[in-house]
Amino acid sequence: MKTKARWTVVALPMIAVLLLAGSARLRAADQPAGAEVKIDNFSFGPQTITVPVGATVTWTNRDDIPHTVVSTDGVFKSKVRDTDEKFSYTFTKAGTYSYFCSIHPKMTGKVVVQ
Amino acid sequence: MADQKLGFIGEKLQNLNKDGIDRRGFLECMAWVGTGLVWTVSGGIPVSRAFAAGKDHTVMKGGELSFVQISDSHMGFNKPANPDVAATLQAAVDKINGLATAPEFMLHTGDISHLSKPEQFDNVDQILKGAKAKDAFFVPGEHDVLDDDGKSYRERYAKNSQGDGWYSFDKKGVHFIALVNVMNLKAGGLGTLGGEQLEWVKKDVKHLKSSTPIVVFAHIPLWSVYPEWGWGTQDSEQALSYLKKFGSVTVLNGHIHQIMQKVEGNVTFHSAMSTAFPQPAPGKADSPGPMKVPAEQLKSVLGISDVNYMQGQHSLAVVDSTLG
């Protein structure tokens, strides 16, 4: 009797974890992968990035000066991002999204969502 | 030593007078700036007067108006290019307090703070309180108008301003115009003054006599220094066109963290050093970011500008000096 109980104590949680892990993987597979843009040396890299609908793009400032990420069409606008700070935006609609740094407007980039 | 300098300069001036203003000649002259020579621009020709090192600044005696330009203090910046911008701003204040002719006021040409944070503005205010100059006038840099469209900047530094924070005032017959060219910047663009501000400039100077010396100060240069890096203002030509009638126009800017000068007719353009960190010369680096120099050299690439107006001269003398 005791042995049977011990077995369920160990096995049931393990099964639960495996089931959860499995379903988590399934959820992740439904989501498009995230994309990264690095901000450094007064530029966005890559300058043009192409992602699927529903993707989240994350900008990380690796420069030693603050920057912003601002859509030219008013779609998204980050607060000022200092070194190592990030900004993310999830693109739910297909299209081409031009953006720039509002502090250093010569810095421009593009997200193509398809 | 001073006599030798005068002889050398006299010769240079002869050559200039023969050639007229040419860029190389002017730049050669400008190399003397900051070594104790006062240059005034009279009728488009630079005229120098050497003044003795030390306290006896005989040229300055009888000077009617003396003020100082500081710029780009970037309070809150703490990266390797300068881990202690508060200390270098204090050094700038010490320099101001050591000037032979005490300046009547300070002009700060922007990027007061690094991230528009209240404690950063507070810190600058605290340090500037120690300056002998009684008053201070400001224009915002792009680092001062982050996240709130300049609201906190205006509340602190431009209470009696119009629009995004432009205003004008008079001191001893000199008319000062404070302009804002760091708002509503467009992708791929340069500094911008905008239609409303330009209209205001036009009206502001309409009834002034053409003999009134004009000083315009704004953060981003009002002339095309290096458009690739955004070092210029796309509609500054229009603003300057409203000042054509004046015999003496001095434009004081910041933003580029280095001294640059240009003379165009009656207009003298001058950009100041930063009190925080230097930036590379146009095109000499991949980007216009903070430029690291050996720690012992930092103070030699930061500085202030002493500006003097002598009545009857109708033009202003700008003397740049480093912090160390």
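The table for this structure:
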quantity: Proximal aspartates and glutamates relative to residue B:262, as straight alpha-carbon distance under 12 Å, when same-chain residues fewer than 8 apart are discounted; calculated: B:22
quantity: Sequence of B:196, B:64 once ranked by neighbouring C-beta atoms within 10 Å, starting from the fewest; calculated: B:196, B:64
quantity: Entries of B:151/B:245; A:106/B:159; B:171/B:245; A:77/B:186 with Cα pairs more than 24 Å apart; calculated: B:151/B:245; A:106/B:159
quantity: Highest average packing first - A:83-89, B:248-254, Cβ atoms within 10 Å; calculated: B:248-254, A:83-89
quantity: Sorted by Cβ density within 10 Å, fewest first, the residues A:62, A:81; calculated: A:62, A:81
quantity: Whichever aspartates and glutamates have a C-alpha closer than 13 Å to that of residue B:172, once near sequence neighbours (fewer than 8 apart) are set aside; calculated: B:64, B:104
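Every number here is computed from the coordinates shown, using simple stated rules; none is lab data. Please read all numbers here as calculations on a predicted model, not as lab measurements. We place every Cβ from the backbone using ideal geometry, glycine too, and count neighbours over all the protein chains shown.
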